[in-house]
Amino acid sequence: MLTLLQYEMKKTAFMKILCGFALFISQAFVMLGTATDNYVVAGLGAGLLIFFSFLVIFILGLSSMASLSKDLNTTQGYMLFMLPKHSAYFLLAKIVESLVSTFLAGLVIVLIFFFNISYFAIDTEAYKDLLEMFWNLVMSGKGFGTLSLYMIRFLATAAAFWIFLSTMAILCVTVQASIFKGKALALVVSIIAFFCLFLYLFSALPELAANISWEYKDPIFYGMILVLSVGFFALSSYLLEKQRNF
Amino acid sequence: MVQCKNLTKKYGSKVALRDATLHIYPGNIYALLGPNGSGKTTFMKILGDLTKQSSGEVLFEGKPLSIQSRKDIAYLPTESQAYPFMTVGDYGKYHKSFFPEFQEEEYKRMLEEMDISLKLPFKALSTGMDKKARIAATLARNAKLVLLDEPFNGVDLLAREEIEKMILEKKQENSTILLSSHLVEEVEDYVQFAIFFHQGKVLSVEQLERMQENKGQNLTERYRSLLGKKKEG
């Protein structure tokens, strides 16, 4: 599994380098602008940094799906599908790679923002206060601290949604490349299907959640996401094993 | 070793392989012959488990194709499949990681004989060199059944001789080899069986020795008599 993961990382390396470069250039503009007191350049850098911070997350998710599409529609896929492993391994490696890359990109973006906050906080005492305030918030409440729990919950929810979206996208790409392979507009139809499914589920889930009492909301909501993700994943793996169409 | 019964593959409305029924016996080299689009590649892809048949049955050593059979069947596609970021050495390591039977030393030896450096990136290789490196990896897998799809396509005369030498070495290890080729005269010297394909159908499976004894035809003549007629018709 680790070897597969390694190769998945390498396959999307170019996109990662491109994303890193975009963030680096934006940050360079911020630094250059502040060093030369050119606030237009600094402002432009800050704007680009915020724009790329969102875009990078989106692109990294898309690049994993693009890599799967390439694997399923070009001879490059022979490298994977000739291996004596179940297709579920290949899909799992792609999901894990996507999740790890996005998490690491998120971490880099947070670090850049923290660096900028600390670098531009000329009043170090105020910065110290800010850190103290943050620390107190994190550790306040019972046990680990209420804010920490909220942060963990936020990360868990983000990861759950990421996996849910990934498995849904994987299913669309798989259906296009196995059942509808070679058919006209198969890719366009699969993208439209993905958005329709996405919109339908995202409107249906909160509606369903509204009818559930508060104490059961979380487990049922996460349970539903888990069941749907596992269902999409299992169906994609099954199609890739039983309906291979290279 | 391989039994196919009424094997059919459809891509939409196009029938790529139609009712193929044949047996492949171990320890032989088979030539898959026929014009372009006659079903040779589709047949190989089904055996390589890269595409599933629309109907019919295929058994490898008495069992349906499975994850296990992928270990024992090595397939060389016509087009390059290596990841663009890989070097020739990486390609060997990749195979070593996933196929425990892969003989890395054998792979290196074959590459050395063909003057291909392990450090060369795949994207920098010519068509011929790319094919030679991939053939070396396919043969080094030590598989029971080796499927070579047009191994001589886009390869110069000297490289062809090197590839032929590698194939014959593999044959001595008792592997079964299926190769498709348009160079009918060249493969005649070392194949034992020929499978003739035309428009997705298996026209005939013939043992070369018997063909010469019974019909008094060599492979080229047989090819002409079987497929020339079809073309005229």
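The values are calculated or read from the model by the stated rules, or taken from the named source; none is laboratory data. Model, not experiment: these values are computed from the prediction. In this analysis, Cβ positions are derived from the backbone assuming ideal geometry, glycine residues included, and neighbour counts consider all displayed protein chains. Calculation scope for accessible area: heavy atoms of the full protein, side chains included, ligands and nucleic acids excluded. Shrake-Rupley method; radii C 1.70, N 1.55, O 1.52, S 1.80 Å.
Could you give me the residue pairs with C-beta distances under 6 Å whose first residue belongs to the range A:1-22 and is more than 10 Å from chain B (Cβ to nearest Cβ), whose second residue is of a type in the set (A, V, I, L, M) and open to solvent by less than 30 Å² (accessible area, probe 1.4 Å) wherever it lies, and which are 6+ apart or on separate chains?
Qualifying pairs under 6 Å: A:Leu5/A:Ala93; A:Glu8/A:Ala93; A:Cys19/A:Val56.
If the requirement is being out of contact with any strand residue (DSSP E or B) (no Cβ under 8 Å at 6 or more places or on another chain), more than 9 Å from chain A (Cβ to nearest Cβ) and either at pLDDT 90 or above or open to solvent by less than 50 Å² (accessible area, probe 1.4 Å) (or both), which of these qualifies: B:Glu113, B:Glu104? So that I can check it myself, show each step before the final result.
Numbers: B:Glu113 fails: either at pLDDT 90 or above or open to solvent by less than 50 Å² (accessible area, probe 1.4 Å) (or both).
Checking each option against the conditions leaves just B:Glu104.
Which pairs turn up if I take residues in the range B:102-118 that are closer than 16 Å to B:Ala159 by Cβ and look for partners that are assigned to a loop (DSSP other than H, G, I, E, B) with beta carbon separation below 7 Å, at least 6 apart in sequence or on another chain?
Hits for this filter: B:Leu111/B:Leu118.
Quick one: in the range B:79-96, which of the residues that are of a type outside the set (Gly, Ala, Ser), open to solvent by less than 40 Å² (accessible area, probe 1.4 Å) and outside any strand (DSSP E or B) is nearest to the other protein chains (Cβ to nearest Cβ)? Write out each step before concluding.
Keep residues of the range B:79-96 that are of a type outside the set (Gly, Ala, Ser), which gives B:79, B:81, B:83-88, B:90-91, B:93-96.
Going one step further and asking which of them are open to solvent by less than 40 Å² (accessible area, probe 1.4 Å), we end up with B:81, B:83, B:86-88, B:91, B:94-95.
Restricting the remaining residues to those that are outside any strand (DSSP E or B) gives B:81, B:83, B:86, B:88, B:91, B:94-95.
Numbers: B:Gln81: 4, B:Tyr83: 6, B:Met86: 9, B:Val88: 14, B:Tyr91: 9, B:Tyr94: 7, B:His95: 9 Å.
Taking the candidates together, the pick is B:Gln81.
Suppose we keep only residues that are surrounded by fewer than 16 Cβ atoms within 10 Å (Cβ to Cβ) and hydroxyl-bearing (Ser, Thr, Tyr) within the range B:55-78. Which one would you say is modelled with the lowest pLDDT? Break it down into steps so the answer makes sense when it comes.
Taking the range B:55-78 first, the residues surrounded by fewer than 16 Cβ atoms within 10 Å (Cβ to Cβ) are B:55, B:57, B:59, B:61-64, B:66-68.
Now drop any that are not hydroxyl-bearing (Ser, Thr, Tyr), which leaves B:55, B:66.
On the way: B:Ser55: 92, B:Ser66: 89.
Restricting to residues being surrounded by fewer than 16 Cβ atoms within 10 Å (Cβ to Cβ) and hydroxyl-bearing (Ser, Thr, Tyr), the top hit is B:Ser66.
Name the helices (runs of 4 or more DSSP H) wholly within the range A:1-114 that hold at least 1 residues that are open to solvent by less than 30 Å² (accessible area, probe 1.4 Å) and within 29 Å of B:Thr78 (Cβ to Cβ)? If you could, list the steps in order and put the result at the bottom.
Working: elements: A:2-11, A:13-35, A:39-73, A:78-81.
Fully inside the range A:1-114 and qualifying: A:2-11, A:39-73, A:78-81.
Somewhere in the range B:10-29, is a residue more than 15 Å from B:Lys144 (Cα to Cα), open to solvent by 40 Å² or more (accessible area, probe 1.4 Å), in contact with a helix residue (DSSP H, G or I) (Cβ under 9 Å, 6 or more places away or on another chain) and not in a loop (DSSP other than H, G, I, E, B)?
Checked the range B:10-29: at least one residue is more than 15 Å from B:Lys144 (Cα to Cα), open to solvent by 40 Å² or more (accessible area, probe 1.4 Å), in contact with a helix residue (DSSP H, G or I) (Cβ under 9 Å, 6 or more places away or on another chain) and not in a loop (DSSP other than H, G, I, E, B).
Select from the range B:172-210 the residues that are of a type in the set (A, V, I, L, M), part of a helix (DSSP H, G or I) and touching an Asp or Glu at 6+ places or on another chain (Cβ under 9 Å) and list them in ascending order. Reasoning before the result, please.
The initial filter retains those residues of the range B:172-210 that are of a type in the set (A, V, I, L, M), namely B:177-179, B:183-184, B:187, B:191, B:194-195, B:202-203, B:205, B:208.
Add one more test, that the residue is part of a helix (DSSP H, G or I), and what stays is B:184, B:187, B:208.
Of everything in the range B:172-210, those that are of a type in the set (A, V, I, L, M), part of a helix (DSSP H, G or I) and touching an Asp or Glu at 6+ places or on another chain (Cβ under 9 Å) turn out to be B:Val187, B:Leu208.
So which of B:Asp90, B:Asp115, B:Asp72 ends up being among the acidic types (Asp, Glu) and under 18 Å from B:Ile177 (Cβ atoms)? I'd like the intermediate steps shown before the answer.
Details: B:Asp90 fails: under 18 Å from B:Ile177 (Cβ atoms); B:Asp115 fails: under 18 Å from B:Ile177 (Cβ atoms).
Matching residue, one of B:Asp90, B:Asp115, B:Asp72: B:Asp72.
Just the residues that are in contact with a Phe, Trp or Tyr (Cβ under 7 Å, 6 or more places away or on another chain) and either open to solvent by 70 Å² or more (accessible area, probe 1.4 Å) or not hydroxyl-bearing (Ser, Thr, Tyr) (or both), please, taken from the range A:220-239. Don't jump to the end; show me each part of the working.
Our first condition is that a residue be in contact with a Phe, Trp or Tyr (Cβ under 7 Å, 6 or more places away or on another chain); within the range A:220-239, this holds for A:225, A:228-229.
Selection gives A:Ile225, A:Leu228.
Could you tell me how many of the residues in the range B:63-101 are closer than 22 Å to A:Phe246 by Cβ, touching a residue at least 40 places away in the same chain (Cβ under 8 Å) and not β-branched (Val, Ile, Thr)?
Of the residues in the range B:63-101, 12 are closer than 22 Å to A:Phe246 by Cβ, touching a residue at least 40 places away in the same chain (Cβ under 8 Å) and not β-branched (Val, Ile, Thr).
State whether one or more residues within the range B:103-111 are more than 21 Å from B:Leu32 (Cβ to Cβ) and not in a helix (DSSP H, G or I). Break it down stepwise before answering.
The first filter runs over the range B:103-111 and keeps only residues more than 21 Å from B:Leu32 (Cβ to Cβ), leaving B:103-111.
From the residues that got through so far, the ones that are not in a helix (DSSP H, G or I) too are B:103.
Yes, the conditions are met somewhere in the range B:103-111.
When you scan the range B:1-38, how many residues do you find that are under 22 Å from B:Asn174 (Cα atoms), touching a Phe, Trp or Tyr at 6+ places or on another chain (Cβ under 7 Å) and of a type in the set (S, T, N, Q)?
Matching residues across the range B:1-38 total 1.
Which pairs turn up if I take residues in the range A:71-86 that are more than 7 Å from chain B (Cβ to nearest Cβ) and more than 16 Å from A:Glu8 (Cβ to Cβ) and look for partners that are open to solvent by less than 10 Å² (accessible area, probe 1.4 Å) and in a helix (DSSP H, G or I) with beta carbon separation below 8 Å, at least 6 apart in sequence or on another chain?
A:Asn73/A:Ala177
Could you list all residues from the range B:42-77 that are among the hydroxyl-bearing types (Ser, Thr, Tyr), under 13 Å from B:Ala20 (Cα atoms), within 12 Å of chain A (Cβ to nearest Cβ) and outside any loop (DSSP other than H, G, I, E, B)?
Let us first name the residues in the range B:42-77 that are among the hydroxyl-bearing types (Ser, Thr, Tyr), namely B:42, B:51, B:54-55, B:66, B:69, B:75.
After this cut, where a residue has to be under 13 Å from B:Ala20 (Cα atoms) as well, the list is B:42, B:54-55.
This time we only want the ones that are within 12 Å of chain A (Cβ to nearest Cβ), so: B:42, B:54.
Of everything in the range B:42-77, just one residue is among the hydroxyl-bearing types (Ser, Thr, Tyr), under 13 Å from B:Ala20 (Cα atoms), within 12 Å of chain A (Cβ to nearest Cβ) and outside any loop (DSSP other than H, G, I, E, B), namely B:Thr42.
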